[in-house]
Structure formats: C-alpha cells, structure tokens
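> Below is the structure I would like to discuss, written out as structure tokens.
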Amino acid sequence: MDKEIAKQIELGRELYKNGEFEKAEPILRKLAEENPSFADVMNMLGVIYYNRGQVDRAQEQFEKALRINPRYTEAALNLVVAYNDLGKYGESRKIFSMVMTFSKEPRQVIEPFARGKLANMHAQLGRVYADLGNYDEAAAQYQKALDLCPTFLDLRTQLAQIFHEAGRTDEAITELKKVKEARPDYVPATLALGITYFAKGDNTAARREWESILEKEPDHLSARMYLRMVNQILAQQEAAARGMPLEVDTSSHLPPPHPPDDDELTLMIGDDEGHRFLRESTPGGDKAKDKPESEEIEGSTAPKGKKQS
C-alpha cells in the first residue's frame, strides 16, 4: 500500500474513532473514490451517513463494504439496521441469516463486539415476540442472546420478565436468583425479584428483597413505595388474623412485573472476560469509555463503527 494512502487511512480512522465525523468524512470519501477496495473505509462512511440521518447513503456504503468482504460482520450488522430503518425487512432478514450462518461455521470465533450486537438483536426480537403474546419464542430468543453473552445480566433479567409475563414465575425467580448470585448489588434484578415474589403471593419474600435495596440505597423511590405497600398488606393480614380489620391504602400500585425495557439505551458490548463497555448513544459513536462497566445495560442497535479485524 502506498505510504500516503496508508497515512490518510490512519488519519481518517483516528478522526472517526474520536467521533470527529465532519473532519473524517471528506478524508474517507476521497479514499473511497480513489481506492474503492477498502471495506472498513466504506463501513466508516456508512456509519457517518447513518449518524446524519442519511440512511440511503449509509445503506449504499455498507453494501459496498460487503461486496468487498462478504464476511465483514460489522458492516453486515450495520446493513441490517439500515434495512430495518428503511422498511426493507426481507433484505434485513437475509443479511441477518447470513451473519448467523457465519457464526455457526466451525472454527469461527465471533469477535466480542459483534457477539454483543447479535445478542442485543436476539433480545429485541424476543421482546417483539413477547409483545405479540408468543412467550415461548420470546424466551427462546433471549436464551440465544444469553448463549452468545452469558454474562450480560440485563438480558437474563429481561428473560425473567418474559417468564413472569408468561405466568412462569418459578422460572423467573430462578433466573433472577442467578443474576443476584453473579451481582448481589445489581438493583434491577433485586427489585424485579421482589415484584415476582409479590405476584406469586409471597409478600414476606418480596419485602425482604425491597428492604435489601433500601439498606444500600435509602432513597430508592420504587423500593420505598413497594415496601410501604407490602407492609400495609402484611399489617392488614396480621390484623385480620387477630379479628381486627384494617383498611389498606391502595393508592400505590405496582408497575409491570419488571423494570421496563430500555429500547433507547446504548449498546453494550463485551470482551472475552465478560466486561461490557459503554459506547456513545449517538448512532455510529465508536469511542468506548476508558474503563469497563460492570453494570449490565440493554442496548440499541444503531450502527456502531468499528474497524475490520
């Protein structure tokens, strides 16, 4: 490769990684016009265009990247997102199937970034199935996500939500206990476990979970509200057992059985040690924070830039 071309690629890539898209775009565009054989240049341009809301142009660049390198997983996943945004669901399914076929080939290792993206896509599909009332398929999709990223505790918490919605509370409790064993301080799972116990009629266990949250976070609004409610119910039950009827304030009601899905949160990706790194929520932002985030957060699937391995 010509030294000047290599220098321009490195400059464009560095600006791109730093989120300086306006400066990176003319450099990458010139490279693409003069040397249309660099798949990662096409992919970076696609992410920049997507970030600007120019989804048609983004699609074109992702397609070019895949023509150059049909196994470029990052470009393929970005193209899936672009197709979905444009309503081209048939094309999107074809590309996604292609990516999954690659992932099942022997000796192929999916890089952590792509693995995280695939897991998030399975989770999103699972949520769609759940909204349609097909809880068995929803749970299957979440399980596929966890097969890819077993340390993503937010996904396991969402799987528990699916089980709860399906009336499979024992399975929901099992999954939430797994989360708590892995991360005792992961509040969303503790809150959800309390709600699941409450739905099952085990008010004492529900109270225990919510009290444990307030021991660490005394100002946690939801835990305080739920604890007040369950204490009133338990007080009513105790009074009734003693022949002393007691009215309960029913103005507070529980929300859905688990914390709502965070469809607009940022994508989380994982490395081989199970860490997850937070990426910018703006589509295409590729700059990860300096330190791994141990708290698991759900993700969006806006195209994220990443140079080809």
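Throughout, read-outs are computed from the coordinates displayed, never taken from laboratory work. Since we're looking at a predicted model, the values are computed, not measured. Virtual Cβ from ideal backbone geometry, glycine too; neighbours counted across all protein chains shown.
> Using 0.36 nm per residue, how much length does the chain from Arg242 to Arg208 gain when fully extended, once their Cα-Cα distance is taken away?
Details: separation 34, 0.36 × 34 = 12.24 nm, distance 2.34 nm.
Full extension of this stretch gives 9.9 nm more.
> Now, a different point. Between Val128 and Lys30, what is the spin-label point distance in nm, taking each point 7 Å from the Cα along the Cα→C-beta axis?
4.2
> In region 151-170, which residues have a backbone nitrogen under 18 Å from the label point lying 7 Å from Asp136's Cα in the Cα-to-Cβ direction?
Correct set: 162-169.
> Can I ask one more? In the structure shown, do any of Lys144/Lys180; Lys3/Lys23; Lys17/Lys180 have a Cα-Cα gap over 31 Å, and if so which?
On the way: Lys144/Lys180 21 Å; Lys3/Lys23 21 Å; Lys17/Lys180 35 Å.
Table pairs above 31 Å Cα-Cα are Lys17/Lys180.
> Quick one: if the Förster radius is 51 Å, what FRET efficiency do Thr101 and Lys23 give, using the C-beta to C-beta distance and rounding to 0.05? If you can, show how the numbers build up before the last one.
Details: r = 37 Å, r/R0 = 0.74.
Between Thr101 and Lys23 the formula returns 0.85.
> Provide the gained length on full extension for the span Ala199 to Lys88, in nm with one decimal, where the gain is 0.36 nm per separating residue minus the Cα-Cα distance.
Numbers: separation 111, 0.36 × 111 = 39.96 nm, distance 4.05 nm.
Gain on stretching Ala199 to Lys88: 35.9 nm.
> Using the Karplus curve 6.51 cos²θ - 1.76 cosθ + 1.60 with θ = phi - 60°, what ³J(HN,Hα) values do you get for each residue of region 208-217, in whole Hz, with x for Gly and Pro?
Couplings: 4, 5, 5, 5, 5, 5, 5, 5, 9, 10 Hz.
> Still on this structure: Under the 0.36 nm per residue contour assumption, what length would be gained going from the current alpha-carbon distance of Gln54 and Gln143 to full extension? Kindly include the intermediate steps, with their values, before the conclusion.
Details: separation 89, 0.36 × 89 = 32.04 nm, distance 3.41 nm.
Gain on stretching Gln54 to Gln143: 28.6 nm.
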